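Remarks on the structure that follows.
Bear in mind that the values in this text are calculations on the coordinates, not laboratory data. Bear in mind the structure is a predicted one, so any value in this text is a computation, not a measurement. Positions of Cβ are generated from backbone atoms using ideal geometry, with glycine treated the same way; all protein chains shown enter the neighbour counts.
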Amino acid sequence: MIYRQTAPFPADFLWGASTSAYQVEGAWNEDGKSPSVIDMCQHAAETADFTVASDHYHRVMEDVALFAELGLKAYRFSIAWTRILPGGVGEVNPAGLAFYERLIDELNRHCIEPIVTLYHFDLPWCLEQQGGWNNRATIDAFVEYASTLFTHFGEKVRYWLTINEQNTMILHPGAIGLPEGGVMPTAKSLWQQNHHMMLAQARVMALCHRLLPAAKIGPAINTTSMYAETCKPEDAIAAHNWETLRGWNFLDVAVHGRYNSLAWRYLLDRDIAPDVAEGDAAILLQGRPDYVAINYYSTATIAASRGDASDISARAGDQQIMLGEPGVYRAAENPFVGKTQYGWVVDPVGLRLTLRKTWERYNLPILITENGIGAPDELEAGEVINDDYRIDFLRQHIAQLQLALADGVEVIGYCPWSAIDVVSTHQGYGKRYGFIYVNRGEHDLKDLKRIRKQSFGWYQQVIASNGQSL
Ligand code: BGP
């Protein structure tokens, strides 16, 4: 199909940027915050942990001032459950509420739309000790936590996200980390956890609509497109297998309130389908998102399984590296795309394709909540960080986003990862994503000074021109 080559960005397009609480805040045990599963994870000795992160907790006003200077129309961040309800449920911590109140008020003062993720990988450790997401009581705990936030911040926040990358937590638990001495959960346990998260998400979306009729809420899934390695029909089946299991299986439940039938069959065949209680189907149907948020980094190329262990990828811990599964699919190389130095496929056209497919399937507005390139940015003399590769990456992705708009896809915003440098989920501080450099090393905290990168000035122009000046 040939469409007009460009479409203007809507006047109210949400030019934004993203972070998450545990990656940016630090202050991991201050002002009443309890530990989360992330705080209890094993860390490779050579990489930074999350205890200080970017020290945003103590520098929040300075950071928001920089976001305002950047011209952000939206800032997507997560609230740490462990600051609000240190016991997972029960007593509310006023200092936790006060921190986010200051942040949200300051954003609103600068006309920066707060986009709040309720839960970004950091389940309270006390809940994990009681079984975590295997325990149905965690569903009630999540509803209580969300209800606290809706009640407290409902008048100040219009955009909510339920759970960040549920598919990463289930398919790549090793990427998030394991508690000290922990063992990898079984597939059966992971799919049970997934089911409970789905129920929790559906109830929270319904609650949001009841308490805050003007607000919008949706899931945020790590979404991508799959290419078959060749036109061999078996490769096409394998690519479809993985597209279904990695993406649609999660979004179909969130949007339609029912499991994807192919994925459900896969779970039944392997005896790893979750136990479904009476009434669960009705709960899932209550969840009706207002939009779909996608985190897009890469595409994958897939070939038919060889049926043996050679299908399994060596780097199974990374959320963007395809795993492979005998009998289901195998990861293949794509000669037509580049890669970052961390091995993540760079495919701007794949963003357009992913947007088209997501739109066609759900017909819901799409918010891009993550997209970006991790790199070990260098601080040069004169406080210069020349991240022209980041500018190039983002420019190409925004150009494809614009083509998706011309295709008729309703994209309401673009929030690259990340607003400011943060600790990478599993690769420490050396892998940076921000528009703003934070002067620290893996272990040497230096002065944590904020320094604008070259990409800062570039993105400022993009926003100021509403996407006309790329
Ligand atoms: C996503 C997570 C983010 C962030 C990002 C970059 O999967 O939602 O929290 O970490 O990936 O990943 P990484 O830090 O592993 O490079």
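Computed over the chain, the alpha-carbon pair-distance distribution with 20 angstrom bins reads 25, 62, 13, 0, each value a whole percent.
A simple charge model with +1 on the Cβ of Lys and Arg, -1 on the Cβ of Asp and Glu and nothing else charged puts the dipole of region 14-464 at about 980 debye relative to its Cα centre. Across the chain, Cα pairs under 8 Å and at least six residues apart give a relative contact order of 19 percent. Between Val37, Pro348, Ile451, the Cα set farthest toward the positive side of the dipole of the chain (charges on each charged residue's Cβ, about the Cα centre) is that of Pro348.
Both numbers refer to the Cα atoms of region 135-239; Rg and Dmax are 17.7, 55 Å.
The DSSP beta bridges internal to the chain are antiparallel in roughly 30% of cases. In region 1-137, the C-alpha radius of gyration followed by the widest Cα-Cα span (Dmax) gives 17.7, 57 angstrom. Computing FRET efficiency as 1/(1 + (r/R0)^6) for Lys446 and Arg102, where r is the C-beta to C-beta distance and R0 is 30 Å, gives about 0.70. If the chain linking Ala45 and Ser465 were pulled fully straight, counting 0.36 nm for each residue of separation and taking away their Cα-Cα distance, it would gain 146.8 nm. Exactly which GluC sites (Glu not before Pro) in region 21-130 are in a DSSP loop and have at most 16 other Cβ atoms within 10 Å? Loop-located and lightly packed - Glu30, Glu46, Glu91. Proximity of backbone amide H atoms, modeled 1.01 Å from N, is registered between Tyr227 and Ala300, Thr301, Ile302 at under 5 Å, excluding neighbours fewer than 5 places apart on the same chain. Packing order of peptides 9-18, 277-286, highest average first: 9-18, 277-286 (average count of other Cβ atoms within 10 Å over each peptide's residues).
A straight Cα-to-Cα reach below 20 Å connects Lys446 with the lysines Lys431, residues fewer than 8 places away in its own chain not being considered.
Each of Ala68 and Thr186 was given a label point 7 Å from its Cα along the Cα-to-Cβ line. The distance between the two points is 5.5 nm.
Other residues with beta-carbon under 11 Å from the beta-carbon of Met205 carry, at +1 per Lys or Arg and -1 per Asp or Glu, a net charge of +3. Going down the list Lys33/Lys449; Lys73/Lys216; Lys232/Lys339; Lys73/Lys449, which pairs span over 20 Å between their C-alpha atoms? Those over the limit are Lys33/Lys449; Lys232/Lys339; Lys73/Lys449.
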